[in-house]
1. Before I look further, what does the chain give for accessible area per residue, probe 1.4 Å, in whole square angstrom?
2. Assuming a ≥ b ≥ c are the square roots of the Cα gyration tensor eigenvalues, decide whether the range 68-114 counts as rounded (a/c under 1.5), prolate (otherwise, with a/b larger than b/c) or oblate.
3. Tell me, in nm to one decimal, what length is gained between residue 141 and residue 160 on full extension, where the rule is 0.36 nm per residue of separation less the Cα-Cα distance?
4. Taking a cut-off of 18 Å, what percent of all Cα-Cα pairs in the range 1-109 are separated by more than that?
5. For residue 56 and residue 191, compute 0.36 nm times the residue count separating them, minus their Cα-Cα distance, and round to one decimal in nm.
6. Can you compute 3J(HN,Hα) from phi for each residue in the range 18-33, using the Karplus curve 6.51 cos²θ - 1.76 cosθ + 1.60 with θ = phi - 60°, rounded to whole Hz and x for Gly and Pro?
7. Quick one: plug the Kirkwood hydrodynamic radius of the chain (C-alpha pairs) into Stokes-Einstein at 37 °C, 0.692 mPa s, and report D in µm²/s.
8. Could you check the spin-label model distance between residue 89 and residue 63? Points 7 Å from the Cα along Cα→Cβ, value in nm.
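The values are calculated or read from the model by the stated rules, or taken from the named source; none is laboratory data. Being a predicted model, the structure only gives us computed values, none of them experimental. Note that we place each Cβ from the backbone using ideal geometry, even for glycine, and neighbour counts take in every protein chain shown. SASA here: full protein model, heavy atoms, side chains in, ligands and nucleic acids out. Shrake-Rupley method; radii C 1.70, N 1.55, O 1.52, S 1.80 Å.
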Amino acid sequence: GITVTMLTSNFDTIPKKLALYKKKYYSNSLLRGVIFFTAVVFTAWPFFSSLEYFGRFNSAVRFSLLLSFSVLVGFTLYKWIILPILQLTRLNKQLSDEEAAIQIGKFFPQVSDKLLNALQLKKLSTQENELLIASINQKSAELSVIPFTEAVKLEENKKHLKYIVLPIALILVLFQFAPGLLTEGMTRIVKY
């Protein structure tokens with residue numbers, strides 16, 4: 001009959017491939033996060049600075065502008081950069097293997113439920129049930145040729161670069177023609 005040892009050797013590739021998928025998934029989240037964080041900071045900076053530059057607000061309003069800017073930057077830094085780094089380094093909760101299997105199944109129709117079923121069957125296979133072990137072996141063999149990491153496309157982040165281009169272009173134009181708009185207003189906000 002089929003032994004549990006044989007099952008383990010056939011199934012071992014699945015958790016390793018899932019770990020690689022998760023690493024690429026969180027690397028992709030981090031890359032997208034850097035793009036969005038940069039876009040938010042480079043949009044908020046000229047906005048807040050311009051408000052103060054033209055408004056010349058009192059100390060209380062400047063403090064609330066500084067607080068708002070800080071909260072916005074802090075929140076986006078946490079959500080789009082720190083959280084993906086924590087998940088990438090496994091310091092924060094990651095996707096479960098089952099959740100990863102569902103995502104991979106959406107990308108690879110030929111995987112569909114096979115991966116999820118293999119993971120669920122593996123949990124049930126504490127005793128030597130030859131039919132169950134054979135089913136896991138079959139599913140594992142079919143899945144071993146599927147490159148799970150291809151379900152994550154890093155190059156799709158190129159479409160998000162448009163969110164950075166306009167704010168950076170605006171800042172460059174302002175630095176060229178009205179540098180005080182960026183520096184004076186923000187300096188007064190910081191020194192509320």
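1. 59
2. Since a/c reaches 1.5 and a/b is larger than b/c, the shape of the range 68-114 is classed as prolate.
3. Full extension of this stretch gives 3.1 nm more.
4. 65
5. 47.3 nm
6. 3J(HN,Hα) across the range 18-33, in whole Hz: 5, 5, 5, 4, 4, 4, 5, 4, 6, 5, 5, 4, 5, 4, 4, x.
7. Taking Rh from Cα pairs, D becomes 162 µm²/s.
8. Placing both labels 7 Å beyond Cα along the Cβ direction yields 3.5 nm.
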